[in-house]
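Read the figures in this text as sums done on the coordinates, not as results from a lab. It should be emphasised that the depicted structure is a prediction, and the values quoted were computed from it without experimental measurement. Neighbour counts are summed over all protein chains in view; Cβ atoms, including those assigned to glycine, are modelled from backbone coordinates with ideal geometry.
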Amino acid sequence: MSKKIIRIGHGSGGRLSRELIEEIFLKHFQNPMLEDLSDSARIQLGAEHISFTTDSYVIDPVFFPGGDIGQLAVSGTVNDLCVSGAIPKYLSTGFIIEEGFPVNDLIQITKSMAREADEAGIKIVAGDTKVVRRGQCDKIFINTSGVGIVPEGREHLKNQDSIKVGDKIIITGTLGDHAIAILSARENLLLDEEILSDATPLVSMTEKVLHNPADVRFMRDITRGGLATVLVETCHKRSYGIRISEKEIPTKKSVRAVCELYGFDPLYLANEGKIMMVVNPDKAELMIKTLKQHRLGKHASIAGEITDKHPGKVVMRSIVGGQRIVEMLSGEMLPRIC
């Protein structure tokens with residue numbers, strides 16, 4: 001790494017995060033299961049295929065429009081399992097709590113976690129709690145690890161190897177809701193329309209579209225780094241590229257308005273309840289119909305396709321008709337977003 005200190009951008013999910021992973025963690029932890037760099041590790045135990053994932057949540061503020069850190073911790077880990085094709089089964093959770101944190105707030109957070117786990121059909125079966133002195137932690141940090149079972153026929157979803165030229169790119173809903181909800185809470189923004197975080201478990205929606213798993217080539221949840229980073233990582237060092245249309249990328253007017261005010265690009269905003277899917281082009285319209293029938297997929301859109309025209313690159317056609325290369329997030333737009 002060019003810099004010998006950790007910067008806030010190393011936690012962004014973008015280019016600096018990738019450097020940190022490849023140059024330090026992957027170098028020293030290297031093994032075949034880790035090399036996929038997917039949201040979940042795929043492990044075979046006897047006849048069963050297992051997905052295993054872990055994540056830590058340091059969001060500020062702890063309570064925000066549409067949710068709290070507990071809801072986020074459960075849904076974020078559940079969604080990492082879902083996009084690997086797994087059915088979430090078990091969850092562990094670890095709490096690091098600052099001395100002086102209100103007990104009633106902890107109760108509210110655990111109630112949120114229980115509610116989200118129940119909705120996702122996952123059981124919280126293990127945990128750990130540590131308390132540190134005032135000033136040694138910012139309120140509360142939560143780690144969650146999840147285990148899910150991968151049904152037969154979904155093994156290909158662990159990486160991009162099944163993606164083919166001509167496949168369609170689907171975005172399951174409006175971008176940037178979570179990031180702008182957090183920004184509005186931090187800045188006390190007075191908006192004409194309240195923007196709520198989209199943090200929610202997506203297992204009920206993914207199970208609908210995986211009814212015929214061969215029609216889905218690949219899935220990623222669009223979290224830190226936004227859609228741009230997910231797309232760039234999907235075609236990184238591949239023999240295909242990705243072409244998307246700005247006009248077909250779903251974004252709420254209220255989110256676009258805040259982006260214009262702050263100079264943000266919705267492509268790079270974090271989400272906690274949206275998925276990028278690569279699907280069989282012959283089934284894309286049917287997939288959209290299926291998604292729109294689900295409450296979490298009402299704004300689903302076919303936003304682009306896989307192409308052989310510019311291998312390893314993402315190109316976006318703008319609303320006015322021009323084209324530009326879409327790069328991975330560099331730096332940090334909104335730190336501590338999840």
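Applying both filters, DSSP loop and at most 14 other Cβ atoms within 10 Å, to the GluC sites (Glu not before Pro) of region 58-119 gives 99.
Between residue 92 and residue 145, the contour length at 0.36 nm per residue exceeds the alpha carbon distance by 18.6 nm. When every Cα-Cα distance of region 159-326 is counted in 5 angstrom steps from zero, the calculated P(r) takes the values 2, 9, 18, 22, 20, 15, 9, 4, 2, 0 percent. Take the Kirkwood radius over Cα pairs of region 31-155, plug it into Stokes-Einstein at 25 °C and 0.890 mPa s, and you get 161 µm²/s for translational diffusion.
Based on C-alpha pairs under 8 angstrom that are at least 6 apart in sequence, region 31-155 has a relative contact order of 38 percent. Which entries of 130/237; 27/168; 247/313 show an alpha-carbon separation above 30 angstrom in the structure shown? With Cα atoms farther than 30 Å apart: 130/237; 27/168. Extending 7 Å from Cα along the Cβ direction at residue 159 and again at residue 248 yields two label points whose distance is 2.8 nm. Placing a label point 7 Å from the Cα of residue 260 along the Cα-to-Cβ line, the residues of region 290-331 whose backbone N sits under 15 Å from it are 319-320. Applying a DSSP loop filter and a limit of 11 other Cβ atoms within 10 Å to the trypsin sites (Lys or Arg not before Pro) in region 1-106 leaves 3, 4.
Annotation note: trypsin sites (Lys or Arg not before Pro) in region 222-308 located in DSSP loop regions with a Cβ neighbour count of at most 12 within 10 Å are 237, 295.
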